[in-house]
There are 2 protein chains.
Amino acid sequence: MKRVMLTVAYDGTAYSGYQMQENAPTIEGELNRCLKDLLKEDIRVIGGSRTDAGVHALCNVAVFDTCARMPGEKMSYAMNQRLPEDIRIRKAQEVAQGFHPRRCDSRKTYLYRIVNSAFPIPTKRLYSHFTYVPLDAGRMQEAAAFFVGEHDFKSFCSAGSQVESTVRRIHSLEVTREGEEITICVAGNGFLYHMVRIIAGTLMEVGRGVREPAHMAEILEAKDRRAAGPTAPACGLCLADYKFLS
Amino acid sequence: MKRVMLTVAYDGTAYSGYQMQENAPTIEGELNRCLKDLLKEDIRVIGGSRTDAGVHALCNVAVFDTCARMPGEKMSYAMNQRLPEDIRIRKAQEVAQGFHPRRCDSRKTYLYRIVNSAFPIPTKRLYSHFTYVPLDAGRMQEAAAFFVGEHDFKSFCSAGSQVESTVRRIHSLEVTREGEEITICVAGNGFLYHMVRIIAGTLMEVGRGVREPAHMAEILEAKDRRAAGPTAPACGLCLADYKFLS
């Protein structure tokens, strides 16, 4: 018996999210189906980040146990021949038996992409959120600074999550504009349900001038979802990096 | 009667190219259908660059004549409400009656994008060509320099084109790598049938070491399509800029 960790990239457009659901296409469902086909074992992968419907990833992770003789390192090639083209295994490696991705210290980096121009760009429409309302990326960056560090992010967590603590640490949060595109890049040790999308939705309100950057401190203080801005659409979000620290 | 010029962006994935065809979805077909619906006139647009099936554009152009009272400048909004989401009018403007996009001096810029990593990136698969064979962008840039200037590009033109002259001027041709992505950016006064894709296919052969950069001079000299490399796949190509000089 060995434990294998997969590094998985996907285009989330066609999926009802990462986590397994009956009667809906999911990333986990595709991985389980593929591994059963390849290894002839009934495998249920353990997911890393359980991304929402429509969210993309460059490097999510999944682990599973197998008795197969095939070396873990060879599995990426074999899996990619069996997966749909919107899911790709970038790496497969054997890890310690007790390794569990959600019980490890980790650092995740998410990108939230916004196209901010008079009209949408068709080739970007599946991987960014479009708004024609002019956004001031400088103001957004000013507001972003309030989130860096350890805070209770209860105001930035949608109902339906069952976590014990809503305290998280954000290592960095940068807002940059390049032409018509604004990118929010946030790295942290963990994120609550919808947290990045609510931060993005709130920063966009700052960017168009309906909230002040300094107001972010009050929103954090409120510990109330209603104090923050709307949840930004899923298609703009991409899990871009995922590192285990221990 | 007035002549209106549209600046059109599209995701070419679902289309059999720019130019009107019976029984196949085309960009021109969608524009004609949309204008008929909007203006109640039988309009046939005149296209700028007739991109191939699967090729994308940020700013192709199309012109048409209309007796409609609606100011040209207002048409982009009205058209975008009627077009599928993979086609967007970025600008509509009235132009001189005699203006014909293919009979004007112009400068077009194309991007050819390559993902060069061990495995494809799902979120880039529709807008880039993937190859796992390592490419040396420095060698590709060295080869690219041979194309700059005025040359007979007959070796870089597919059969089926009916142009009088195969001489074209390339203003610039730059190959850059950023991580796993290589971009070929080429600007010129006009391009022959498949010319950018054959240049890209030839540069990739240089990048993987099967041709020498200096060999480009011989290929140009040969004036024979068989001397050049293969035509690179359509999905990597995007018409990125289109300017009229006169």
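The values are calculated or read from the model by the stated rules, or taken from the named source; none is laboratory data. Just so you know, these numbers come straight off a predicted model, no measurement behind them. Ideal geometry is used to build each Cβ from the backbone, glycine not excepted, and the neighbour counts take in all protein chains shown. Note: accessible area is taken over every heavy atom of the protein model, side chains too, but ligands, DNA and RNA are not part of it. Shrake-Rupley method; radii C 1.70, N 1.55, O 1.52, S 1.80 Å.
Out of the total accessible area of the protein assembly as shown (probe 1.4 Å, heavy atoms of protein only), what percent is carbon and sulfur?
Summing carbon and sulfur atoms, their accessible area is 48 percent of the total for the protein assembly as shown.
Given a 1.4 angstrom probe, what's the average accessible area per residue across the range A:11-108, in square angstrom? Intermediate values should be presented prior to the final figure.
On the way: 4760 Å² over 98 residues.
Here the per-residue accessible area is 49 Å².
Solvent-accessible area per residue for the range A:170-216 at a 1.4 Å probe radius, Å²?
About 36 Å² of surface per residue is accessible.
Would you count, across chain B, every pair of lysines whose alpha carbons are under 28 angstrom apart, provided the pair is eight or more residues apart or spans two chains?
Lysine pairs satisfying the spacing and distance rule in chain B number 24.
Counting alpha carbon pairs within less than 8 Å and at least 6 residues apart, what relative contact order, in whole percent, applies to chain A?
Normalised by residue count, the contact order of chain A is 24 percent.
So how far, in whole Å, is the C-alpha centre of the range B:1-47 from the one of the range A:98-134?
After rounding, the separation between the Cα centres reads 32 Å.
If one takes the accessible area of chain B alone plus chain A alone and subtracts that of the pair, with a 1.4 Å probe, what total in Å², rounded to the nearest 100, results?
Looking at B and A, the buried total is near 2000 Å².
Please give the residues from the range B:118-137 for which the solvent-accessible area of heavy atoms, probe 1.4 Å, is smaller by at least 50 Å² with all protein chains in place than with the chain isolated.
Output list: B:F119, B:P122, B:T123, B:R125, B:Y127.
Ranking request for peptides B:174-187, B:105-118: highest mean number of other beta-carbon atoms within 10 Å first, then the rest in descending order.
By packing density, highest mean first, the sequence is B:105-118, B:174-187.
Using only the alpha carbons of chain A, determine the length spanned along each of the three principal axes and report them from longest to shortest in whole angstroms.
Here the spans come out as 59, 40, 30 Å, largest first.
Rounded, prolate or oblate, given the Cα gyration tensor of the range B:76-118, with a/c below 1.5 counting as rounded?
Details: a/c = 4.42, a/b = 1.35, b/c = 3.29.
Cα axes put the range B:76-118 in the oblate bin.
For the protein assembly as shown, give the magnitude of the charge dipole about the Cα centre (Cβ charges: +1 Lys/Arg, -1 Asp/Glu; no others), in debye to the nearest 20.
The calculated dipole for the protein assembly as shown is roughly 340 debye.
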